[in-house]
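The values are calculated or read from the model by the stated rules, or taken from the named source; none is laboratory data. Note that the coordinates shown come from a computational prediction; the quantities given were computed from them, not determined experimentally. In this analysis, Cβ positions are derived from the backbone assuming ideal geometry, glycine residues included, and neighbour counts consider all displayed protein chains.
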Amino acid sequence: MEMEVWFSFNAKVLIYPELKKISEAMQDGFYRAAGFVIEFLLTNNLAKSGLDTDLETEKLYALVDGLAIHQLMQPGRLTVERLEHILDQHLNLLCSGD
């Protein structure tokens, strides 16, 4: 339900530019959350050495955003369990495995 509201709101941003600042602030929050995850891995010595923080933040942000869209549009194809598995696998690829 939250994703439906979020995408409806963003569709309105295209028509009502006065909503753009709110949308940008929320998108920035999602981006910062992705950055927090990457920083957590680095701070706790869980990440592979040489990890590009900016690139991995952008990739995680894009992955979560894309998965949210696909889950909203085709919930029967992309189950919550599959979505969690994809995210787990991606995060595990970032970890050193030590």
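What's the number of the condition Ala62 fails, among (1) free of Cβ contacts under 8 Å to residues at least 12 places away in the same chain; (2) touching a strand residue (DSSP E or B) at 6+ places or on another chain (Cβ under 8 Å); (3) not charged (D, E, K, R)?
Among (1) free of Cβ contacts under 8 Å to residues at least 12 places away in the same chain; (2) touching a strand residue (DSSP E or B) at 6+ places or on another chain (Cβ under 8 Å); (3) not charged (D, E, K, R), the lone unmet condition for Ala62 is (2).
Please go through the range 65-98 and pick out each residue that is small (Gly, Ala, Ser) and either farther than 20 Å from Phe30 by Cα or free of Cβ contacts under 8 Å to residues at least 60 places away in the same chain (or both).
Gly66, Gly76, Ser96, Gly97
Quick check: anything in the range 55-68 at pLDDT 90 or above, among the acidic types (Asp, Glu) and in contact with a helix residue (DSSP H, G or I) (Cβ under 7 Å, 6 or more places away or on another chain)?
yes
Going through the range 54-98 one residue at a time, which ones are touching a His at 6+ places or on another chain (Cβ under 9 Å) and either of a type in the set (Phe, Trp, Tyr) or surrounded by 14 or more Cβ atoms within 10 Å (Cβ to Cβ) (or both)?
Of everything in the range 54-98, those that are touching a His at 6+ places or on another chain (Cβ under 9 Å) and either of a type in the set (Phe, Trp, Tyr) or surrounded by 14 or more Cβ atoms within 10 Å (Cβ to Cβ) (or both) turn out to be Lys59, Leu60, Leu63, Leu78, Leu83.
Could you run through the range 31-51 and say how many residues are exposed (fewer than 15 other Cβ atoms within 10 Å of the Cβ) and under 25 Å from Leu72 (Cβ atoms)?
Within the range 31-51, residues that are exposed (fewer than 15 other Cβ atoms within 10 Å of the Cβ) and under 25 Å from Leu72 (Cβ atoms) number 3.
Just for the range 47-86: of the residues that are assigned to a helix (DSSP H, G or I) and among the β-branched types (Val, Ile, Thr), which one is nearest to Glu4 (Cα to Cα)?
The selected residue is Ile69.
Contact list please: Cβ distance under 6 Å, first residue in the range 12-26 and touching a residue at least 60 places away in the same chain (Cβ under 8 Å), second residue surrounded by fewer than 11 Cβ atoms within 10 Å (Cβ to Cβ) and among the hydroxyl-bearing types (Ser, Thr, Tyr), pairs at least six apart or on different chains.
Sorted first by the residue in the range 12-26, then by its partner, the list stays empty.
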